[in-house]
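Engineer: Here's a structure for you.
The values are calculated or read from the model by the stated rules, or taken from the named source; none is laboratory data. This is a predicted model, so every value here is computed, not measured. Because the Cβ atoms are built from the backbone with ideal geometry, glycine has one as well, and the counts that use them run over all protein chains shown. For accessibility, only protein heavy atoms count, side chains too; no ligands or nucleic acids. Shrake-Rupley method; radii C 1.70, N 1.55, O 1.52, S 1.80 Å.
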2 protein chains.
Amino acid sequence: MEQEQINVGILGYGIVGSGTYRILCGNAESIAQRAGGPVTVTRVADIDWEREREVMPPQALRSTEATDVINDPNVHIVVETIGGVAPAREYVLEAIRSGKGVVTSNKELMAKHGSEILDAAEEVPVDVEFEGSAGGGIPIIRSLKEGLEGNTIHEVVGILNGTTNYILTRMTEGSESFDDALSEAQKLGYAEADPWADVEGDDAAYKIAILAAIAFGKRINIADVPREGISKISPADIRHASEMGYVIKLLAIAKNAGGQIEVRVHPALVPKSHPLAAVSDVFNAVLVRGDAVGDVMLYGRGAGSLPTGSAVVGDIISIARNIRNGAMGRVVCTCQGHATMKPMGDVETRKYVRMAVRDQPGVMGKIATIFGEEKVSINSVIQKRSEGTVAEIVWETHLVAESAFQAALRRISDLDVVVATSSVIRVQE
Amino acid sequence: MEQEQINVGILGYGIVGSGTYRILCGNAESIAQRAGGPVTVTRVADIDWEREREVMPPQALRSTEATDVINDPNVHIVVETIGGVAPAREYVLEAIRSGKGVVTSNKELMAKHGSEILDAAEEVPVDVEFEGSAGGGIPIIRSLKEGLEGNTIHEVVGILNGTTNYILTRMTEGSESFDDALSEAQKLGYAEADPWADVEGDDAAYKIAILAAIAFGKRINIADVPREGISKISPADIRHASEMGYVIKLLAIAKNAGGQIEVRVHPALVPKSHPLAAVSDVFNAVLVRGDAVGDVMLYGRGAGSLPTGSAVVGDIISIARNIRNGAMGRVVCTCQGHATMKPMGDVETRKYVRMAVRDQPGVMGKIATIFGEEKVSINSVIQKRSEGTVAEIVWETHLVAESAFQAALRRISDLDVVVATSSVIRVQE
């Protein structure tokens, strides 16, 4: 099945689709060398050709019908950069069934329907690649599947959402409030008009579910991934964390411990000496902990037209190499069934707790007694200068299971000397 | 050419060879899943089986003759972890000629004879993989060849030698002298008894030459790579650098600018905000700058039995997948001829210069005048408190070509008011 030229059809000419097109055109010569022959975009479908884009494909390539791309017998690889589940899912499945290689950068699609799509691909068999769906331009999926695959992976921890990382960086470096930092991110195009999928952790949850499935070889049900966003993080928490030697980051965490798998997204206090602590602005990073390799971290731009386009083009070249060598299906999904998820109540982390209490004798003792009775061991405690009749206490616990901690916190909140438990944030080792 | 089982033979059962063996045995089940079938070590050759190792292969697998591995018709993949050029080069070429896939972690061999080896492999064709030869467990070669290959790569900058990074970290954090830090590194097994290939930059030069060839698609003559080690770095330089906002690192730099390629290894002042500045102890990291992806950094353990073994096993699985799919030679060397190297005299960097001068009026003026006459523009200058009759001046220049700078420095050194130009260190952007 040697082919003179590999033809690519693109579905969705938005941010990622146009970036992919620009790279394939701009670096055509070196890409042809590396892929073993020319890789050419011959079809591009989008429902709206009126929108402004920096680079437009020639009129002859354009179509408004996805089926023009999927049903074109001369197209070898279909690139899906539409986003969302419908109609992307149906298009991808149709392309697979018609024997084409597929590249998608669609994290929601792969997180929700990855199993169905990869099963369909294996049946034909064709390649489905999705590097752009997690970590943008960072070659993390390829590294997990082809590079680190000799390891048993214990943990994958990432900063996988650029919007929230930008907001937290502004709140840390500029002492801004969440609302101000969000407005600034929107002004700069780093946050969408409707920013909540980013801010509340859905975007990061899709990505870590994809990475966890590859790292641990178990399928993850995205509904089982608890997520907590950053909208409740206050400048006060960031300041206290800094004094204690931490920065606050939105972490996406996947752990494989004794057969049970944890996958979760939430803000965390990260020690300043941790490699993820220095990842600022819109940058993403993923730390992988393997039994042989130890700690490996990959860092780069997690979004954007050309960075994500870079990942898509890498996938296209990989499939082109397989088509030329008659080796589609060379690297298949090796997931063995569904993950057994650890219930969130059993998940153990250290906790940072900030609470407002009445500034009167015996308060600290009452709270500490409840922590003790509920077997929550305290690592450090700082009582801050009180303002009027209310004092602020910041606790850091040792490792404690979520359920035990919540039981203690409910009893503490019920104390009449406790005005409010303002913040509870997990602490990353 | 489907194969039930892929058989691996290992040449050299030292640090990397034994790590490779341990991973292939310990993770046999998951590796079999990922490779599409079992990958089994069936032969191990070493000239000395008396040495102590943590894990020994069964007697039946052992041999003292490399030819027992290379000529075994049941061995599909030969792993070369002997190191050095002879006899590794001949063994690798023989294995290639007999149609076996080859994995090597041998940086000296690939830097000096990579062209010959990859040409031989392409002729058969068989796969030759060498991820372990640069950056240890970090999947940097795979990322450049399969992941970032849609990019035009402008620059690769790395901390590629763990020994020197450990020494510089100790000198920075513990204010130790070079000699003390080296002794400590030797005691911990981070530096060899004969440490000079690491300390003087040869090891890093091999690695950056390998990465530059892949990144730029041009063959690099290792003799054309200027290198300068860290033995002359003093605690005073580290202290001054820190006050100026820098840390000192041994950098391996490869740039592709306008057809001319720069490849060099030398100590450099790295801004504390630079992603490479936080890479401490024995860790390695590589920053890649591509036209589409922007900056990507990979970080991890650059040496050691299991980390480098992880890279070797990744290569073995890659070749196993190709053998099963009849796709050996799927990713070939795409170097187009030899690089045109930029002469070192034309290389432009900023410079840090520390000099001891007589503490008398007019000295600063005399030196500044010469810098001006030679068109060396000054970014900052600090005169330090003098001790007795000698004062210390620390200059930082703007970008200047090496030859122009050296001309100025010669004239300045000849001034009778200049006692010594103690240090000249390049500054990384």
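Engineer: Let's see if you can work this out: charge +1 on each Lys and Arg Cβ, -1 on each Asp and Glu Cβ, no other charges. What is the dipole magnitude of region A:245-317 about its Cα centre, in debye to the nearest 20?
Structural biologist: It works out to roughly 200 debye.
Engineer: How large is the dipole of the protein assembly as shown about the Cα centre if only Lys and Arg carry +1 and Asp and Glu carry -1, each at its Cβ, rounded to the nearest 20 debye?
Structural biologist: About 900 debye.
Engineer: List the residues of region B:260-280 whose accessible area drops by at least 20 Å² when all protein chains are present, compared with their chain alone, using a 1.4 Å probe and counting only protein heavy atoms.
Structural biologist: Output list: B:Pro275.
Engineer: For region B:20-67, state which residues have at least 50 Å² less accessible area in the presence of all protein chains than in their chain by itself, taking the probe as 1.4 Å and leaving out ligands, DNA and RNA.
Structural biologist: Those residues are B:Asn27, B:Gln33, B:Arg34.
Engineer: If we hang a label 7 Å off Cα along the beta carbon direction at A:Arg51, how far is it from the matching labels on the other copies, in nm, shortest first?
Structural biologist: Listed shortest first, these distances are 6.0 nm.
Engineer: While we're looking at this one, here's another question. Using only the Cα atoms, what convex hull volume per residue in Å³ does chain B have?
Structural biologist: Expressed per residue, the convex hull around the Cα atoms of chain B is 142 Å³.
Engineer: Give the chain A residue with the shortest beta-carbon distance to the rotation axis relating chain A to chain B, plus that distance as a whole number of Å.
Structural biologist: Output: A:Ala327, 2.
Engineer: Sticking with this structure for a sec: Find the relative contact order for chain B and round it to a whole percent, using C-alpha pairs within less than 8 Å whose residues are 6+ positions apart.
Structural biologist: With pairs under 8 Å counted, the relative contact order is 17 percent.
Engineer: Taking the label point 7 Å from Cα in the Cβ direction, how far apart in nm is A:Gly84 from each other copy of itself, listed shortest first?
Structural biologist: 6.5
Engineer: At a 1.4 Å probe radius, carbon and sulfur cover how many percent of the accessible area of chain B?
Structural biologist: Here carbon and sulfur together make up 48 percent of the probe-accessible area.
Engineer: Separate question: With every protein chain left in place, what is the accessible area per residue of region A:141-301 in square angstrom, probe 1.4 Å?
Structural biologist: I get 32 Å² per residue for this part.
Engineer: Here is a further query. In whole Å, largest first, what are the principal axis extents of the Cα atoms in region A:344-427?
Structural biologist: 39, 20, 17
Engineer: Counting helices only, and only those DSSP H runs with n ≥ 4, report the 222 nm mean residue ellipticity of the protein assembly as shown as the sum of -39,500 (n - 2.57) divided by its residues, in deg cm²/dmol to the nearest 500.
Structural biologist: Value at 222 nm, helices only: -10500 deg cm²/dmol.
Engineer: Loop only by DSSP, 16 or fewer other Cβ within 10 Å of the Cβ. Give me the trypsin sites (Lys or Arg not before Pro) in region A:319-387 that pass, ordered by residue number.
Structural biologist: A:Lys375
Engineer: Continuing with this model, one more query. Decide, for region B:267-381, between rounded, prolate and oblate: order the square roots of the alpha carbon gyration tensor eigenvalues as a ≥ b ≥ c, take rounded if a/c falls under 1.5, and otherwise choose prolate if a/b is larger than b/c, else oblate.
Structural biologist: In terms of gyration-tensor shape, prolate.
Engineer: For region B:294-429, what relative contact order do you get, as a whole percent, if you take Cα pairs closer than 8 Å and at least 6 residues apart?
Structural biologist: It comes to 30 percent, rounded to a whole number.
Engineer: What total accessible area, in Å², is buried where chains B and A meet, using a 1.4 Å probe and rounding to the nearest 100?
Structural biologist: 4200
Engineer: Within straight cross-link reach of B:Lys366, meaning Cα distance under 29 Å, which lysines are found once same-chain residues fewer than 8 apart are removed?
Structural biologist: Here the lysines satisfying the reach criterion relative to B:Lys366 are B:Lys232, B:Lys351, B:Lys375, B:Lys384.
Engineer: Specify the inter-centroid distance of region A:19-72 and region B:84-122, based on alpha-carbon positions, in whole Å.
Structural biologist: Cα centroid to Cα centroid, the span is 40 Å.
Engineer: Continuing with this model, one more query. Shape of the protein assembly as shown from its Cα gyration tensor (a ≥ b ≥ c, root eigenvalues): rounded if a/c is under 1.5, otherwise prolate when a/b > b/c, or oblate?
Structural biologist: Rounded shape, in that the Cα axes give a/c under 1.5.
Engineer: Run the simple label-point estimate for B:Asp179 and A:Ser115 please: 7 Å along Cα→C-beta, distance reported in nm.
Structural biologist: 6.6
Engineer: Determine the dipole magnitude for region A:141-301: charges of +1 sit on the beta-carbon of Lys and Arg, -1 on that of Asp and Glu, nothing else is charged, the reference point is the Cα centre, and the result goes in debye to the nearest 20.
Structural biologist: Result for region A:141-301 is approximately 480 debye, rounded to the nearest 20.
Engineer: Now, a different point. Towards the positive end of the charge dipole of the protein assembly as shown, with charges on Cβ (+1 Lys, Arg; -1 Asp, Glu), say which of A:Gly9, A:Gly37, B:Ile15 has the farthest Cα.
Structural biologist: Comparing the listed Cα positions along the dipole, B:Ile15 ranks first.
Engineer: Next up: Can you tell me the Rg and the Dmax, both Å, for the Cα atoms in region A:145-259?
Structural biologist: 16.0, 46
Engineer: How high is the relative contact order of region A:123-202, given as a whole-number percent (alpha carbon pairs under 8 Å, six or more residues apart)?
Structural biologist: 20
Engineer: Could you pull the copy-to-copy label distances for B:Lys384, with points set 7 Å along Cα to Cβ, in nm to one decimal and sorted shortest first?
Structural biologist: Here B:Lys384 shows inter-copy label distances of 4.2 nm.
Engineer: Let me ask something else. Past the 26 Å Cα-Cα mark, which pairs from A:Lys272/B:Lys255; A:Lys207/A:Lys272; A:Lys207/B:Lys218; A:Lys145/A:Lys207; B:Lys207/B:Lys342?
Structural biologist: A:Lys272/B:Lys255; A:Lys207/B:Lys218
Engineer: Still on this structure: What is the Cα centroid distance between region A:170-213 and region B:394-411, reported in whole angstrom?
Structural biologist: Rounded to whole Å, the Cα centres lie 46 Å apart.
Engineer: Ok, one more. Work out the charge dipole of chain A with +1 on the Cβ of Lys and Arg and -1 on the Cβ of Asp and Glu about the Cα centre, then indicate which of A:Leu148, A:Ala212, A:Asn106 is farthest towards its positive end.
Structural biologist: Result: A:Leu148, furthest along the dipole toward the positive end.
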